[in-house]
Amino acid sequence: ARAIGDKEVVGDSGRCCISPNPKITCYSEEDFKGGHMVLVCDGVTDVGSSNEIGKGIYEMAQRNESVQDMSTKIVYHALQNGSKDNITAVVVKL
């Protein structure tokens, strides 16, 4: 998100390395009622796939864990698996 609209971002080759044009997709909130929205930095996805994160959230939700605990566990997992990049996780119950 930090590159949205930043048309000055270029790589070594002189070409844009991060797209300043966001991909926006809209969904109905009703389609996800009772689910969770998970926002993570690339430091999390460097060491875990979207499917792995989703499966973990599903399992934690089945145990009625709080969204704060879910976020904390995602960050802890990334650290334990050697991520050296930015590590942030936000989980929102829909």
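The values are calculated or read from the model by the stated rules, or taken from the named source; none is laboratory data. Here the structure is a predicted model, which is why all the values come from computation and not from measurement. Positions of Cβ are backbone-derived with ideal geometry, glycine not excepted, and every protein chain shown enters the neighbour counts. Surface accessibility is based on the protein's heavy atoms, side chains included, excluding ligands, DNA and RNA. Shrake-Rupley method; radii C 1.70, N 1.55, O 1.52, S 1.80 Å.
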**OP:** Please list 36, 77 in order of solvent-accessible area, largest first, computed with a 1.4 Å probe with all protein chains present.
**Re:** 77, 36
Original post:
Just the accessible area per residue of the range 26-94, please: how many Å² with a 1.4 Å probe?
Top reply: 71 Å²
Original post:
Hey, got a sec? Which chymotrypsin sites (Phe, Trp or Tyr not before Pro) in the range 25-94 land in a DSSP loop and have at most 10 other Cβ atoms within 10 Å?
Top reply: 27
**OP:** Can you tell me the FRET efficiency between residue 90 and residue 28 if r is taken as the Cβ-Cβ distance and R0 is 25 Å, rounded to the nearest 0.05?
**Re:** 0.75
**OP:** For residue 63 and residue 51, calculate 0.36 nm times their separation in residues minus their Cα-Cα distance, and state this gained length in nm to one decimal.
**Re:** 2.5 nm
Original post:
lysines within cross-link reach of residue 55: Cα-Cα under 20 Å, excluding same-chain residues under 8 positions apart?
Top reply: 33, 73, 93
